[in-house]
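Shown next, in C-alpha coordinates, is the structure this report addresses.
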Amino acid sequence: MNIDSSTRRRRMAAFTLAPAHRLADGLDRIGPRPEYGFLRRPETGLVMVRGRIGGSGRAFNLGEMLVTRCTVQCLGRLGHGWVPGRSAFQAEMAALGDALGQLPEHAQAIAQLVEELEAEKRRRDENRQGEVLKTRVKFFTLVRGADKND
(Lines give C-alpha, C1' and ligand atoms only; values in the text may rest on other atoms or scores of the structure.)
Protein backbone atom coordinates (compact mmCIF):
# COMPACT_ATOMS: atom_id res chain seq x y z
CA MET A 1 0.00 0.00 0.00
CA ASN A 2 1.42 3.36 -1.03
CA ILE A 3 0.52 5.99 1.53
CA ASP A 4 0.88 9.67 0.80
CA SER A 5 3.18 11.61 3.10
CA SER A 6 0.54 14.13 4.25
CA THR A 7 -1.68 11.31 5.59
CA ARG A 8 1.23 9.80 7.46
CA ARG A 9 2.36 13.19 8.78
CA ARG A 10 -1.17 13.89 10.04
CA ARG A 11 -1.34 10.47 11.71
CA MET A 12 2.04 10.88 13.40
CA ALA A 13 1.07 14.38 14.65
CA ALA A 14 -2.18 13.06 16.15
CA PHE A 15 -0.35 10.20 17.89
CA THR A 16 2.33 12.57 19.18
CA LEU A 17 -0.15 15.02 20.71
CA ALA A 18 -2.56 12.47 22.19
CA PRO A 19 -2.33 11.34 25.81
CA ALA A 20 -0.54 7.97 26.00
CA HIS A 21 -3.44 6.11 27.68
CA ARG A 22 -5.91 7.43 25.09
CA LEU A 23 -3.69 6.31 22.22
CA ALA A 24 -3.30 2.84 23.72
CA ASP A 25 -7.08 2.54 24.30
CA GLY A 26 -7.73 3.56 20.70
CA LEU A 27 -5.30 0.97 19.37
CA ASP A 28 -6.85 -1.71 21.60
CA ARG A 29 -10.31 -0.93 20.18
CA ILE A 30 -9.04 -1.79 16.71
CA GLY A 31 -8.40 -5.34 17.84
CA PRO A 32 -5.81 -7.39 19.64
CA ARG A 33 -2.36 -5.93 19.24
CA PRO A 34 -0.36 -7.92 16.71
CA GLU A 35 3.10 -9.06 17.62
CA TYR A 36 5.81 -6.59 16.79
CA GLY A 37 9.51 -6.26 17.28
CA PHE A 38 11.72 -3.31 18.09
CA LEU A 39 14.18 -1.97 15.56
CA ARG A 40 14.88 0.86 17.97
CA ARG A 41 13.65 0.51 21.53
CA PRO A 42 12.28 3.70 23.07
CA GLU A 43 15.15 6.06 23.78
CA THR A 44 15.11 9.57 25.15
CA GLY A 45 17.31 12.41 23.97
CA LEU A 46 17.44 16.07 23.08
CA VAL A 47 16.67 17.76 19.78
CA MET A 48 17.42 21.36 18.84
CA VAL A 49 14.31 23.42 18.22
CA ARG A 50 14.75 26.14 15.60
CA GLY A 51 12.52 29.14 15.03
CA ARG A 52 12.03 32.10 12.72
CA ILE A 53 10.89 35.60 13.61
CA GLY A 54 7.61 36.22 11.81
CA GLY A 55 7.90 32.90 10.01
CA SER A 56 10.15 34.38 7.33
CA GLY A 57 13.23 35.69 9.11
CA ARG A 58 16.56 33.93 9.49
CA ALA A 59 16.41 30.67 11.43
CA PHE A 60 17.81 30.69 14.96
CA ASN A 61 18.30 28.05 17.66
CA LEU A 62 15.44 28.44 20.12
CA GLY A 63 16.60 25.75 22.54
CA GLU A 64 16.62 22.05 23.22
CA MET A 65 13.60 19.80 23.73
CA LEU A 66 13.42 16.39 25.37
CA VAL A 67 11.92 13.75 23.04
CA THR A 68 11.52 9.97 23.01
CA ARG A 69 11.66 7.97 19.79
CA CYS A 70 10.90 4.38 18.90
CA THR A 71 10.83 2.23 15.75
CA VAL A 72 8.92 -1.04 15.49
CA GLN A 73 8.41 -3.64 12.79
CA CYS A 74 4.90 -5.03 12.64
CA LEU A 75 3.54 -7.35 9.95
CA GLY A 76 6.28 -6.29 7.54
CA ARG A 77 5.85 -2.53 8.07
CA LEU A 78 8.10 -0.10 9.88
CA GLY A 79 6.45 2.32 12.28
CA HIS A 80 8.13 5.35 13.83
CA GLY A 81 7.10 7.30 16.89
CA TRP A 82 8.53 10.58 18.18
CA VAL A 83 6.89 12.13 21.24
CA PRO A 84 7.75 15.09 23.46
CA GLY A 85 9.05 14.22 26.91
CA ARG A 86 10.16 10.85 28.21
CA SER A 87 7.14 8.60 27.73
CA ALA A 88 8.59 5.38 26.34
CA PHE A 89 5.12 3.82 26.31
CA GLN A 90 3.65 6.63 24.22
CA ALA A 91 6.53 6.47 21.73
CA GLU A 92 6.02 2.71 21.42
CA MET A 93 2.25 3.08 20.89
CA ALA A 94 2.80 5.87 18.33
CA ALA A 95 5.24 3.65 16.41
CA LEU A 96 2.82 0.71 16.51
CA GLY A 97 -0.04 2.93 15.32
CA ASP A 98 2.11 4.23 12.47
CA ALA A 99 2.93 0.68 11.37
CA LEU A 100 -0.71 -0.44 11.57
CA GLY A 101 -1.84 2.60 9.60
CA GLN A 102 0.27 1.41 6.67
CA LEU A 103 -1.61 -1.90 6.46
CA PRO A 104 -4.69 -1.99 4.21
CA GLU A 105 -6.71 -4.01 6.74
CA HIS A 106 -6.16 -1.42 9.49
CA ALA A 107 -5.92 1.81 7.50
CA GLN A 108 -9.59 2.78 7.88
CA ALA A 109 -9.69 2.09 11.63
CA ILE A 110 -6.45 4.05 12.17
CA ALA A 111 -7.81 6.96 10.09
CA GLN A 112 -10.93 7.01 12.29
CA LEU A 113 -8.76 6.97 15.43
CA VAL A 114 -6.75 9.92 14.05
CA GLU A 115 -9.96 11.90 13.50
CA GLU A 116 -11.10 11.14 17.07
CA LEU A 117 -7.74 12.19 18.53
CA GLU A 118 -7.74 15.41 16.50
CA ALA A 119 -11.28 16.26 17.66
CA GLU A 120 -10.31 15.61 21.29
CA LYS A 121 -7.27 17.87 20.91
CA ARG A 122 -9.45 20.65 19.44
CA ARG A 123 -11.81 20.35 22.44
CA ARG A 124 -8.87 20.47 24.89
CA ASP A 125 -7.49 23.55 23.11
CA GLU A 126 -10.90 25.28 23.14
CA ASN A 127 -11.36 24.52 26.85
CA ARG A 128 -7.88 25.83 27.62
CA GLN A 129 -8.56 28.96 25.56
CA GLY A 130 -11.84 29.50 27.43
CA GLU A 131 -10.02 29.26 30.77
CA VAL A 132 -7.40 31.74 29.62
CA LEU A 133 -10.02 34.21 28.35
CA LYS A 134 -11.68 34.26 31.77
CA THR A 135 -8.56 35.84 33.21
CA ARG A 136 -7.88 38.25 30.35
CA VAL A 137 -7.07 41.80 31.38
CA LYS A 138 -7.70 44.63 28.94
CA PHE A 139 -5.28 47.49 29.17
CA PHE A 140 -5.90 50.86 27.58
CA THR A 141 -4.01 54.11 27.37
CA LEU A 142 -5.47 57.44 28.35
CA VAL A 143 -4.44 60.37 26.22
CA ARG A 144 -4.10 63.56 28.26
CA GLY A 145 -4.04 66.03 25.44
CA ALA A 146 -3.33 66.47 21.80
CA ASP A 147 0.27 66.48 20.67
CA LYS A 148 1.26 69.96 19.45
CA ASN A 149 3.28 68.52 16.58
CA ASP A 150 0.28 66.86 14.93
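A few points about this structure:
- Of all residues in segment 75-93, those satisfying the criterion of being in a strand (DSSP E or B) and touching a strand residue (DSSP E or B) at 6+ places or on another chain (Cβ under 8 Å) are 78, 79, 80, 81, 82, 83, 84.
- So residue 136, is it at pLDDT below 95, more than 20 Å from residue 73 (Cα to Cα) and in a helix (DSSP H, G or I): no
- Of the listed requirements (1) in contact with a strand residue (DSSP E or B) (Cβ under 7 Å, 6 or more places away or on another chain); (2) open to solvent by 30 Å² or more (accessible area, probe 1.4 Å); (3) not acidic (Asp, Glu), residue 111 misses just one: (1).
- Given (1) surrounded by 15 or more Cβ atoms within 10 Å (Cβ to Cβ); (2) touching a residue at least 24 places away in the same chain (Cβ under 8 Å); (3) more than 13 Å from residue 99 (Cα to Cα), number of the condition residue 67 does not satisfy: (2)
- If the condition is being in a strand (DSSP E or B) and in contact with a Lys or Arg (Cβ under 9 Å, 6 or more places away or on another chain), then segment 7-46 contributes 40, 42, 43, 44, 45.
- Filter result for residue 67 (within 20 Å of residue 28 (Cβ to Cβ) and at pLDDT 95 or above): no
- The residue pairs whose first member lies in segment 107-133 and is in contact (Cβ under 8 Å) with a residue 40 or more places away in the chain and closer than 17 Å to residue 96 by Cβ, whose second member is open to solvent by 100 Å² or more (accessible area, probe 1.4 Å) and of a type in the set (Lys, Arg), and whose beta carbons are closer than 7 Å, counting only pairs six or more residues apart or on different chains, are 114/10.
- Any hit, segment 54-62, residues being without any contact (Cβ under 8 Å) to a residue 12 or more places away in the chain, part of a helix (DSSP H, G or I) and over 16 Å from residue 117 (Cβ atoms): yes
- Among (1) open to solvent by 50 Å² or more (accessible area, probe 1.4 Å); (2) assigned to a helix (DSSP H, G or I); (3) over 19 Å from residue 77 (Cα atoms) - the single one residue 118 does not satisfy: (1)
The values are calculated or read from the model by the stated rules, or taken from the named source; none is laboratory data. Just so it is clear, the model here is predicted, and its values are computed rather than measured. Quick reminder, even Gly has a Cβ in these numbers, built from the backbone with ideal geometry, and neighbours come from all protein chains shown. We work out accessible area using only protein heavy atoms, side chains counted, and drop any ligands, DNA or RNA first. Shrake-Rupley method; radii C 1.70, N 1.55, O 1.52, S 1.80 Å.
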